[in-house]
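Each remark here refers to the structure printed beneath this line.
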Amino acid sequence: MRKQFAVIGNPIEQSRSPDLHHSFGQRLGIELDYSKRLAPLDGFAENVEQFFLDHGVGLNITVPFKEQAFALCNVLTERAKIAKAVNTLWVENGKLHGDNTDGQGLVDAIQALDWPLANSTILILGAGGATRGVVYPLCMAGAQKIVIANRTLSRAQQLVADLQPALPEAQLAACGLDQLDGQFDLVINATSASLSGEALQLPNTLQFNYAYEMAYGKPSSFLQQAQQRGVAHSEGYGMLVGQAIEAFAIWHGIRPDIKQFI
Ligand code: ATR
């Protein structure tokens, strides 16, 4: 029997993960089955347990279960501990291991675009789970300063206060979305505004060279504004591919080349 993998979420129909993992496997000559699992909102832990009892090898976790997956693990990577969320599970020596590959997926996607991260100043819009997952990998990739701007200022301040002890060398700061100002190399939209089709207004006093939208496949006022300014921009499909590649590398010990899939 082929090795079994799956992604668990609710809803799950929209997931592109099976297609990605099957195409990585095909390209690298690795046979695998990767399916979608719809877990009931109150039945996530049982669903994970059953998957591994049935000799499943690796699981990806998507909305809304990443925090629950974090809580289930016996062993966590450093980046998963900082993210407080897990999107990749596997069993080793009888213990459930968890990692979070989202942030490194973003870094890999940005580097595949040849956008510079070393010594960069970065503005991240939003202070939810998506932001929490990417700050540490961006710092590891050489970001010099990261400002987190949020509609609710106190949430950005709380996130900076939470992350700073784990990243004592990093220059982190918080501000309100209504206080956006200054010069940045890169702006990342990690709000859920694009998902809900809401507009995000960037003031003209805010200057930047690169714009990354974490969402993909939807119209984004953030990307529209980047385009109008003539700034290099990208939507989040590359990040999706990047996080899948990171998970694939953990499970199979071999890394597909991101540039062949974006
Ligand atoms: P995720 O886990 O995807 O980050 P989340 O934790 O619900 O989701 O966070 C959503 C983020 O998008 C928050 O930072 C939210 O701002 P608030 O903390 O002020 O709610 C931000 N957000 C959502 N809709 C927005 C909008 N229309 N304009 C600006 N920010 C928005």
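The values are calculated or read from the model by the stated rules, or taken from the named source; none is laboratory data. Because the structure is predicted, anything quoted here is derived from the model rather than measured. Backbone-built Cβ (ideal geometry, glycine too); neighbour counts: all protein chains shown.
Below is a table of values for the structure above.
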read-out: Qualifying residue in the range 186-196 (condition: away from the ligand (no atom under 13 Å from the Cβ) and either outside the structural domain of residue 132 (by the TED database) or part of a strand (DSSP E or B) (or both)); value: yes
read-out: The range 13-36: number of residues that are of a type outside the set (D, E, K, R) and within 15 Å of residue 48 (Cα to Cα); value: 2
read-out: Residue within the range 151-159 that is in the same structural domain as residue 128 (by the TED database) and either in a strand (DSSP E or B) or at pLDDT below 95 (or both) present; value: no
read-out: Which listed residue is more than 19 Å from the chain's Cα centre (by Cα), among the hydrophobic types (A, V, I, L, M, F, W, C) and either more than 11 Å from the ligand (Cβ to nearest atom) or in the same structural domain as residue 150 (by the TED database) (or both), from 206, 223; value: 206
read-out: Test: residue in the range 27-40 that is out of contact with any helix residue (DSSP H, G or I) (no Cβ under 8 Å at 6 or more places or on another chain) and within 24 Å of residue 257 (Cβ to Cβ); value: yes
read-out: Residue in the range 95-110 that is surrounded by fewer than 19 Cβ atoms within 10 Å (Cβ to Cβ) and not charged (D, E, K, R) present; value: no
read-out: Filter result for residue 20 (modelled with pLDDT of 95 or more, closer than 20 Å to residue 261 by Cα, crowded, with 20+ Cβ neighbours inside 10 Å and of a type outside the set (S, T, N, Q)); value: yes
